[in-house]
Amino acid sequence: MKKDAESLSGAEEFEEKKGKFITFEGTEGCGKTTQAEMIAEHLRLEGREVVMVREPGGTAVGEKIREILLDTRLGDIAPITEALLFAADRAQQIRDVVRPALQAKKIVVADRYVDSSLAYQGVGRGCGLEAVKNLNEWATGELEPDLTIMLDLPLEEGLKRAGELERDRIELESLEFHRNVRNAYDMLERIHPRFVLVDARGNPGAVHKRVLLEVNRVMQES
């Protein structure tokens, strides 16, 4: 699998990473983007080189894919099409942005990563965890984060927060869909040691302090 993926994606992509890769996950409205930005800024103020990425998007190709995926006028995208589009966006960003940054010993902070596809497409859309896992291992060359911050917020509170802004196509899904996504995240958090559950209740500053404790722990590891 790795050999085939390398021949298609181009590259030095399977060299061991040298920087740190930190991802943020969670259901809608939990504050992922805010907390990812706050951590990125904190690390920069410490004098570290940080690259922040978001999904979908982050490259010219990815921004076009983002337009499709979040367009509320395109409600009837087949689940497998959605999964493939997210994987395509991820493959481009890993090749063009994430791996080069890690090889340059920079810190990459990501607003969502593969776990989002496992939760949203694998479980929420019913594509199957194994199928989505295999697809994304191919797309990313099996690149794993060093730390995944799972922001924990009651589902109804998060959806209420998200509802205060203009909702995208996925945010407009049913409550049952979002409950299934949340259950998937709970399962992933139990399976993967890199997952850390952080209480996302309270103001952004208070949440940031909780996140920072976990990030500092990982930054001190060799």
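For the range 65-121, the set of residues classified as over 18 Å from residue 133 (Cα atoms) and among the charged types (D, E, K, R) consists of 66, 67, 71, 73, 76, 95, 96, 99, 105, 106, 111, listed by residue number. Screening residue 93 against (1) at pLDDT below 95; (2) buried (at least 19 other Cβ atoms within 10 Å of the Cβ) leaves a single unmet condition, (1). Restricting attention to the range 160-176, does a residue exist that is assigned to a helix (DSSP H, G or I) and in contact with a Lys or Arg (Cβ under 9 Å, 6 or more places away or on another chain)? Looking through the range 160-176, none of the residues is assigned to a helix (DSSP H, G or I) and in contact with a Lys or Arg (Cβ under 9 Å, 6 or more places away or on another chain).
Mind checking whether some residue in the range 141-154 is assigned to a helix (DSSP H, G or I), crowded, with 16+ Cβ neighbours inside 10 Å and in contact with an Asp or Glu (Cβ under 8 Å, 6 or more places away or on another chain)? No, the conditions are met nowhere in the range 141-154. Taken over the range 25-60, the residue count meeting the criterion of being under 23 Å from residue 104 (Cα atoms), touching a residue at least 12 places away in the same chain (Cβ under 8 Å) and either hydroxyl-bearing (Ser, Thr, Tyr) or assigned to a helix (DSSP H, G or I) (or both) is 8.
Residue 158 meets the conditions (1) under 23 Å from residue 39 (Cα atoms); (2) surrounded by fewer than 19 Cβ atoms within 10 Å (Cβ to Cβ); (3) out of contact with any strand residue (DSSP E or B) (no Cβ under 8 Å at 6 or more places or on another chain) in every case but one. The failed one is (2). Would you confirm, using the coordinates I've provided, whether residue 171 is closer than 20 Å to residue 85 by Cβ and modelled with pLDDT under 95? Yes; evaluated as a whole, the condition is true for this residue.
Among the listed residues 184, 206, which satisfies the condition of being surrounded by 19 or more Cβ atoms within 10 Å (Cβ to Cβ) and either within 19 Å of residue 113 (Cβ to Cβ) or modelled with pLDDT of 95 or more (or both)? Result: 184 is the single residue among 184, 206 that is surrounded by 19 or more Cβ atoms within 10 Å (Cβ to Cβ) and either within 19 Å of residue 113 (Cβ to Cβ) or modelled with pLDDT of 95 or more (or both). Filtered by the rule that a residue be buried (at least 21 other Cβ atoms within 10 Å of the Cβ) and charged (D, E, K, R), the range 29-63 gives 32, 55. The set of residues from the range 99-140 being in a helix (DSSP H, G or I), among the basic types (Lys, Arg) and either at pLDDT below 95 or over 21 Å from residue 170 (Cα atoms) (or both) comprises just one member, 99.
The values are calculated or read from the model by the stated rules, or taken from the named source; none is laboratory data. Note that the structure is a prediction, hence the values are computed from the model and not measured. Every residue, glycine as well, gets a Cβ built from its backbone with ideal geometry; the counts of neighbours run over all protein chains shown.
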